[in-house]
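*Asks:* Dumping the structure here so I can ask a few things about it.
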Amino acid sequence: MEIVIIGNGPGGVELAKELSGEHEVLIFEREEVPFYSKPMLSHYIAGLIEKEKLFIYPLDWYERKGINLKLGEEAKLIDRVRKVLVTDKGEYPYDILVIATGARAREPTVDGKEHLLTLRSIEDAEGIKALLEEHGEAVIIGGGFIGLELAGNLAKAGYGVKLIHRRDTFLGLDEELSSLIREKLEESGVEFHLGAELLKADENGLLTTRGYIEGKVKICAIGITPNVEIARRSGIHTGRGILIDDHFRTSAKDVYAIGDCAEYSGIICGTAKAAAGHAKVLANLLRGKEDRYPFELRSSVFKFGDLPIAIIGKTRGEGEWLDEHTKAFFQDGKLVGAVVIGDIRKAFSIEKELKKELY
Ligand code: FAD
């Protein structure tokens, strides 16, 4: 079978890795570089790792795996009748087409947004790194995982970091866990401005509901916008993401979607761990094996500076500390979620237990 994948992020590349021994696999990627780690971009910006360390799969890896990678080629349209993918350079027939186009950083809408940077690609990282080295400090807007990761690594590397966040808590966690994250990052030098809504940006800083915050380098990390354009243009159903069922099927025959671009029952997973997980399950389904991705079980792992954290399942309501690293959440006496912080070795077994409960 000819498997054509659009996008060379963790979703696309993991799927190619799974299926390359069994089928012809062709990946289209509009960027000019082979696969790199987005979770490591803030380490690179901070100067904690060399650029080469970002590239997990070099070009010869694709060759060895027999994966045909077309870099610098953008997919434009899916001709569903002829089962052909149209790119800016040619037309390619497919038996199975997988859209793994990911997402881009959500653009701010405030006045002066041209003074704000966003971080998604290696090119964005290069731009931010150069400015940071010139100015020595940054203001980060957004206390989601990307903002917190970036803040942690920049502070660890000795840069001045201010973080502006519209809420007082982070990542949907309770006050206690949010304070633990905040205190740990404050120890490494991050200055927090919480409950501050961004109103306006200019060359020298930001106007927020909590006053003016100075800073030449301003990085906005306020979420993602899934890349759904090719699906929409091709008449495939979309909402915020490309709509899929629990087998990753889109509304078009033999066309699937995985990773950050895909929306299942209102859920956009939005992590590298999920994108790779989708790929593994889809590979099994395409092999005709029974499998199911646990969309309902949020499970993510991040590292904010030196603080690792795993967030699994439902983490709202009254929690209970099981040990100094693990706060568990229960409903009707049953474990429904946990946050493991500091030492996250326990996270894997908790995730396994919760998966067993759910499926
Ligand atoms: P992407 O990685 O976005 O890849 C999609 C690819 O498709 C892109 O390379 C894009 O250029 C290409 N593409 C798009 N449209 C087309 C087209 N029409 N034609 C050809 N190519 C196209 N996740 C975690 O789990 N843990 C973390 O700690 C973490 N940290 C992060 C830190 C940063 C700074 C960022 C930006 C993200 C982080 N993430 C993290 C999120 C994670 O990187 C994403 O969830 C993941 O990359 C999604 O994978 P994907 O394959 O769906 O999409």
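The values are calculated or read from the model by the stated rules, or taken from the named source; none is laboratory data. The model shown is predicted, which means the values in this text are computed figures rather than measured ones. All Cβ positions, even for glycine, are placed from backbone atoms using ideal geometry, and neighbour counts span all protein chains on display. Each accessible area value is taken on the protein alone, full model and side chains, heavy atoms only, with ligands, DNA and RNA left out. Shrake-Rupley method; radii C 1.70, N 1.55, O 1.52, S 1.80 Å.
*Asks:* Considering only region 194-233, state which residues are of a type in the set (Gly, Ala, Ser) and within 22 Å of residue 265 (Cβ to Cβ).
*Replies:* Result: 223, 231.
*Asks:* Suppose we filter 155, 151 for residues that are more than 26 Å from residue 314 (Cα to Cα), touching a residue at least 24 places away in the same chain (Cβ under 8 Å) and surrounded by 23 or more Cβ atoms within 10 Å (Cβ to Cβ); which single one remains?
*Replies:* 155
*Asks:* How many of the residues in region 236-255 are open to solvent by less than 50 Å² (accessible area, probe 1.4 Å), in a loop (DSSP other than H, G, I, E, B) and within 24 Å of residue 105 (Cα to Cα)?
*Replies:* Count: 5.
*Asks:* Follow-up. I want to confirm something. Restricting to region 98-139 and keeping residues that are part of a strand (DSSP E or B) and open to solvent by less than 70 Å² (accessible area, probe 1.4 Å), which single residue is farthest from the ligand (Cβ to nearest atom)? Talk me through it step by step, then tell me what you get.
*Replies:* Quick first cut of region 98-139, residues part of a strand (DSSP E or B) only: 98-99, 103-105, 111, 117, 137-139.
Then keep just the ones that are open to solvent by less than 70 Å² (accessible area, probe 1.4 Å); that gives 98-99, 103, 105, 117, 138-139.
Values: 98: 10, 99: 8, 103: 6, 105: 7, 117: 12, 138: 13, 139: 16 Å.
Among those that are part of a strand (DSSP E or B) and open to solvent by less than 70 Å² (accessible area, probe 1.4 Å), it is 139.
*Asks:* Name the residues in region 11-29 that are within 11 Å of the ligand (Cβ to nearest atom), over 15 Å from residue 61 (Cα atoms) and open to solvent by 10 Å² or more (accessible area, probe 1.4 Å), would you?
*Replies:* The one that is within 11 Å of the ligand (Cβ to nearest atom), over 15 Å from residue 61 (Cα atoms) and open to solvent by 10 Å² or more (accessible area, probe 1.4 Å): 29.
*Asks:* Could you go through region 308-326 and let me know if any residue there is part of a strand (DSSP E or B) and under 21 Å from residue 106 (Cα atoms).
*Replies:* Checking region 308-326: not a single residue is part of a strand (DSSP E or B) and under 21 Å from residue 106 (Cα atoms).
*Asks:* Name every residue in region 197-223 that is surrounded by 21 or more Cβ atoms within 10 Å (Cβ to Cβ) and either under 30 Å from residue 99 (Cβ atoms) or touching a Ser or Thr at 6+ places or on another chain (Cβ under 7 Å) (or both), in order of residue number.
*Replies:* Listed by number, the residues that qualify are 198, 219, 220, 221.
*Asks:* Next up: Could you please find all residues in region 140-158 being outside any helix (DSSP H, G or I) and under 25 Å from residue 199 (Cα atoms)?
*Replies:* Once the filter is applied, which keeps residues that are outside any helix (DSSP H, G or I) and under 25 Å from residue 199 (Cα atoms), region 140-158 yields 140, 141, 142, 143, 144.
*Asks:* Just give me the residues in region 261-275 being aliphatic (A, V, I, L, M) and more than 8 Å from the ligand (Cβ to nearest atom), in sequence order.
*Replies:* Within region 261-275, 267, 268 qualify.
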